[in-house]
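Asks: Take this structure, written in structure tokens, and hold onto it; I'll ask about it next.
The values are calculated or read from the model by the stated rules, or taken from the named source; none is laboratory data. Not measured: the values here are computed from a predicted model. Note that we place each Cβ from the backbone using ideal geometry, even for glycine, and neighbour counts take in every protein chain shown.
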Amino acid sequence: METYGTLDECQAQVGLARSLCEYPEICTELCILEQELGKAMGHIALYPGLPCPDIAVLEEITERAGERAGKNFRFIRPGDSTPGAALHIARTVARRAERSAVKLFRNREMEEDIYRYINRLSDAIYALSLWYDFLFRSERGESSQCL
């Protein structure tokens, strides 16, 4: 219950970022991520017949975001934009879900596929935050405000 409750929190933060997002292409990706998180929560909660979400969806989101942002993956401080900061909160919540899931996985109480999905979730959210902030700064002709 702790793991899917934490994923619920993560989904809410992704929804907050989507509600603030100005870029339709990123909104689409965030909506996909929200839908996939719903599947993940249902799968963990053992909803009958609900398969594990496909990790390839996360990998595709990460790849698309990397292509758009120039694969400018680096350590940053959140705060260049409100939606980007919301995504960083979602990323940290995803990391908390992963810490909860690792205990379940090590105790053989969680399948490897859903554990791998949760493990990759923060990467996809991080990539989306970089993409958003890249577009936000590019439109304004700015560099990061806090490196």
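Asks: Restricting to region 27-53, what's the tally of residues that are over 12 Å from the mean Cα position of the chain (by Cα) and in contact (Cβ under 8 Å) with a residue 40 or more places away in the chain?
Replies: So the answer is 6.
Asks: Does region 34-49 contain any residue that is touching a Lys or Arg at 6+ places or on another chain (Cβ under 8 Å) and more than 16 Å from LEU130 (Cα to Cα)?
Replies: Within region 34-49, one or more residues are touching a Lys or Arg at 6+ places or on another chain (Cβ under 8 Å) and more than 16 Å from LEU130 (Cα to Cα).
Asks: Can we say ASP113 is among the acidic types (Asp, Glu), closer than 16 Å to GLU34 by Cα and more than 11 Å from the chain's Cα centre (by Cα)?
Replies: Answer is no for this residue.
Asks: Please work out if LEU20 is crowded, with 22+ Cβ neighbours inside 10 Å and either without any contact (Cβ under 8 Å) to a residue 40 or more places away in the chain or not acidic (Asp, Glu) (or both).
Replies: No, not satisfied.
Asks: Do you know which residues across region 116-138 are over 14 Å from GLU36 (Cβ atoms) and among the small types (Gly, Ala, Ser)?
Replies: ALA127, SER129, SER138
Asks: From (1) among the hydrophobic types (A, V, I, L, M, F, W, C); (2) under 18 Å from VAL93 (Cα atoms); (3) exposed (fewer than 14 other Cβ atoms within 10 Å of the Cβ), pick out the condition that doesn't hold for LEU46.
Replies: In the conditions (1) among the hydrophobic types (A, V, I, L, M, F, W, C); (2) under 18 Å from VAL93 (Cα atoms); (3) exposed (fewer than 14 other Cβ atoms within 10 Å of the Cβ), LEU46 misses (2) alone.
Asks: Going residue by residue through region 79-86, is there one that turns out to be over 24 Å from GLU139 (Cα atoms), of a type outside the set (A, V, I, L, M) and surrounded by 15 or more Cβ atoms within 10 Å (Cβ to Cβ)?
Replies: Checked against the condition, which is being over 24 Å from GLU139 (Cα atoms), of a type outside the set (A, V, I, L, M) and surrounded by 15 or more Cβ atoms within 10 Å (Cβ to Cβ), region 79-86 yields no hits at all.
Asks: Hey, another quick one. May I ask you to verify whether ILE61 is closer than 27 Å to TYR23 by Cα and among the aliphatic types (A, V, I, L, M)?
Replies: The answer is yes for ILE61.
Asks: Give me the pairs, please: first residue somewhere in region 129-147 and part of a helix (DSSP H, G or I), second residue anywhere and among the aromatic types (Phe, Trp, Tyr) and at pLDDT 85 or above, beta-carbon distance under 8 Å, and either six or more positions apart or on two chains.
Replies: Close Cβ pairs (under 8 Å, with a partner that is among the aromatic types (Phe, Trp, Tyr) and at pLDDT 85 or above) amount to TYR132/TYR23; LEU135/TYR23.
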